[in-house]
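Encoded as structure tokens, the structure appears first; notes follow it.
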Amino acid sequence: MTQKVYRDLLEVMKIRGGPYAGLDIPEFFTLVEEIFDPEEAEINNALPRKPASIDEIAAKTGRSPEEVSGILERMAGRGLCGVSKTSGGVLYRGLPFMPGIFEFIFIGGGETERETIAARLIHTYKKAYSEAKGVEKISYPLTRVIPVDRTIKAGNTIHTYDQVMTYIDKYDSIGVGACYCRQAAKLRGEELHGMPVGVCMWFGEIAENISERLGGRRVTREEAREIVDRSEEAGLIHMSRNTTDEIDFMCNCDRWHCEVVGQVLKQPRPGLIFNSGFEPAFDAERCVACETCIERCPPEALTMGEANVPVVNTDRCFGCGVCARGCSEGAIALEKKPGFPAPPKTVTELVTALKSSAQGQNG
């Protein structure tokens, strides 16, 4: 019989929400009993979403602050809770599965038995979850594409939030870790299609946390730029939260394993809810019909037209610039999509937009 602490954990993970939130199926309990020991599950259930002190958390559990501190530090090193440093001490917070625990477990790129088992059990849980819940409609974009800015056609307005280097130049602390999706796939023995793994970036306080506790590594701005270039050359998509002013991570995603891209491609018109606000334009005189862009296109939005020049399905196109980055003839450039709205500035504005969109659907 499942211990009560794990039944309680189910309710906690339901409330925390996010993709693959708690669901009362056998695969959930198999997973959480593997990644949380009973002590960790108990502390997890007491953690609020907003950062709290050890004394506050201890008061909710009836354990001593010293005992709770030891458990929390163990959890922090295993990717099971969030950590914030303040002048008053270290604060801890509860995490959803995504974005959160699932990513944090694999940031260090380790291949231990724990990580290998977790990769398999997470995959099994996600599959069972999807079968039980069906394809969930995305009503408003939680994430957005950041274009390969060097491929944007001269004369277009390029906002700072459209430029990867904006974020690299903004933060003093930059951390790099393994892509959860590809690292977990690697541990399951799946083909990675030559895509690099250790290229996901974190900025600011969270960059310090992943390097100090989770096996990520701090990098210089020059190293970060090199990682961006390597990711673009491989054909990865730059992706982050759908805000302009509050960015603390940037993933470099592929079409085969990325959780976000996979969910987006299940939508009727993927390009409407995962986009950079740009679209490719083709120079017929330069194009040699080599079809490299068609092969590279992550959402498979390109086909060869009758005039031997590719045509784009804007319902599928992400505006990522992967096609243009791979064109040796310089025949593709990104142009601004007319009427495309600017992303919300802050997380608060994003949450408001998400709630408004959900209410509109329900209404």
Unmet criterion (only one of (1) in contact with a His (Cβ under 9 Å, 6 or more places away or on another chain); (2) at pLDDT 90 or above; (3) not hydrophobic (A, V, I, L, M, F, W, C)) for Gly216 = (1)
message = Considering only residues that are closer than 22 Å to Tyr167 by Cα and open to solvent by 30 Å² or more (accessible area, probe 1.4 Å), which ones fall in the stretch 252-278?
response = Val260
request  = Return a yes/no flag: does the stretch 333-340 have any residue that is open to solvent by 20 Å² or more (accessible area, probe 1.4 Å) and either part of a helix (DSSP H, G or I) or of a type in the set (S, T, N, Q) (or both).
outcome  = no
key: Filtered residues of the stretch 308-332 (kept if open to solvent by 60 Å² or more (accessible area, probe 1.4 Å) and farther than 18 Å from Val148 by Cα)   = Asn308, Val311, Asn313
Set Ala119, Ala154, Ala132: member being small (Gly, Ala, Ser) and under 30 Å from Ile332 (Cβ atoms) = Ala154
ask   = Is there any pair with a first residue in the stretch 185-196 that is touching a residue at least 12 places away in the same chain (Cβ under 8 Å) and farther than 16 Å from Glu259 by Cβ and a second that is of a type in the set (D, E, K, R) and part of a helix (DSSP H, G or I) whose Cβ atoms are under 8 Å apart and which are 6 or more apart or on different chains, and what are they?
value = Pro196/Arg230
query = Just wondering, is there one or more residues in the stretch 150-170 that are at pLDDT below 95, more than 30 Å from Phe340 (Cβ to Cβ) and out of contact with any Asp or Glu (no Cβ under 6 Å at 6 or more places or on another chain)?
reply = no
request  = Would you check if Pro344 is of a type outside the set (Lys, Arg) and over 16 Å from Leu142 (Cα atoms)?
outcome  = no
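For the stretch 41-86, give me each residue that is outside any loop (DSSP other than H, G, I, E, B), hydroxyl-bearing (Ser, Thr, Tyr) and out of contact with any helix residue (DSSP H, G or I) (no Cβ under 6 Å at 6 or more places or on another chain).
Narrowing the stretch 41-86 to residues outside any loop (DSSP other than H, G, I, E, B): 41-46, 52, 54-61, 65-77, 82-86.
If we keep only those that are hydroxyl-bearing (Ser, Thr, Tyr) too, we end up with 61, 69, 84, 86.
Answer for the stretch 41-86, where residues must be outside any loop (DSSP other than H, G, I, E, B), hydroxyl-bearing (Ser, Thr, Tyr) and out of contact with any helix residue (DSSP H, G or I) (no Cβ under 6 Å at 6 or more places or on another chain): Ser84, Thr86.
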query = Does the stretch 165-185 contain any residue that is open to solvent by less than 10 Å² (accessible area, probe 1.4 Å), small (Gly, Ala, Ser) and over 21 Å from Glu115 (Cα atoms)?
reply = no
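Could you please let me know if Ala353 is within 23 Å of Lys266 (Cβ to Cβ), among the aliphatic types (A, V, I, L, M) and open to solvent by less than 70 Å² (accessible area, probe 1.4 Å)?
Values: within 23 Å of Lys266 (Cβ to Cβ): yes; among the aliphatic types (A, V, I, L, M): yes; open to solvent by less than 70 Å² (accessible area, probe 1.4 Å): yes.
The answer is yes for Ala353.
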remark   = Restricting the stretch 87-120 to residues that are in a helix (DSSP H, G or I) and over 22 Å from Gly17 (Cβ atoms), the one least open to solvent (accessible area, probe 1.4 Å) turns out to be Ala119
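Just one of Glu279, Glu259 is touching a residue at least 40 places away in the same chain (Cβ under 8 Å) and either more than 24 Å from Asp229 (Cβ to Cβ) or of a type in the set (A, V, I, L, M) (or both); which is it? I'd like the intermediate steps shown before the answer.
Numbers: Glu279 fails: either more than 24 Å from Asp229 (Cβ to Cβ) or of a type in the set (A, V, I, L, M) (or both).
After applying the criteria, what remains is Glu259.
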key: Residue identified as of a type in the set (Asp, Glu), assigned to a loop (DSSP other than H, G, I, E, B) and under 21 Å from the mean Cα position of the chain (by Cα) among Glu300, Glu306, Glu285   = Glu300
note = Of the residues in the stretch 3-24 that are of a type in the set (A, V, I, L, M, F, W, C) and part of a helix (DSSP H, G or I), the one that is farthest from Ile101 (Cα to Cα) is Val5
request  = Give me the pairs, please: first residue somewhere in the stretch 78-93 and farther than 18 Å from Val12 by Cα and free of Cβ contacts under 8 Å to residues at least 60 places away in the same chain, second residue anywhere and open to solvent by less than 60 Å² (accessible area, probe 1.4 Å) and assigned to a loop (DSSP other than H, G, I, E, B), beta-carbon distance under 7 Å, and either six or more positions apart or on two chains.
outcome  = Gly89/Ser53; Leu91/Ser53
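Can you name the residue in the stretch 121-142 that is in a helix (DSSP H, G or I) and aromatic (Phe, Trp, Tyr) and is also surrounded by the most Cβ atoms within 10 Å (Cβ to Cβ) among such residues? Walk me through it before giving the result.
At the first step, the residues of the stretch 121-142 found to be in a helix (DSSP H, G or I) are 121-133.
Okay, now just the ones that are also aromatic (Phe, Trp, Tyr), so 125, 129.
On the way: Tyr125: 22, Tyr129: 19.
Per the stated criteria, the residue is Tyr125.
The values are calculated or read from the model by the stated rules, or taken from the named source; none is laboratory data. As the structure is a prediction and not an experimental result, all values here were calculated from the model. Because the Cβ atoms are built from the backbone with ideal geometry, glycine has one as well, and the counts that use them run over all protein chains shown. The accessibility values were calculated without ligands, DNA or RNA, using every heavy atom of the protein model including side chains. Shrake-Rupley method; radii C 1.70, N 1.55, O 1.52, S 1.80 Å.
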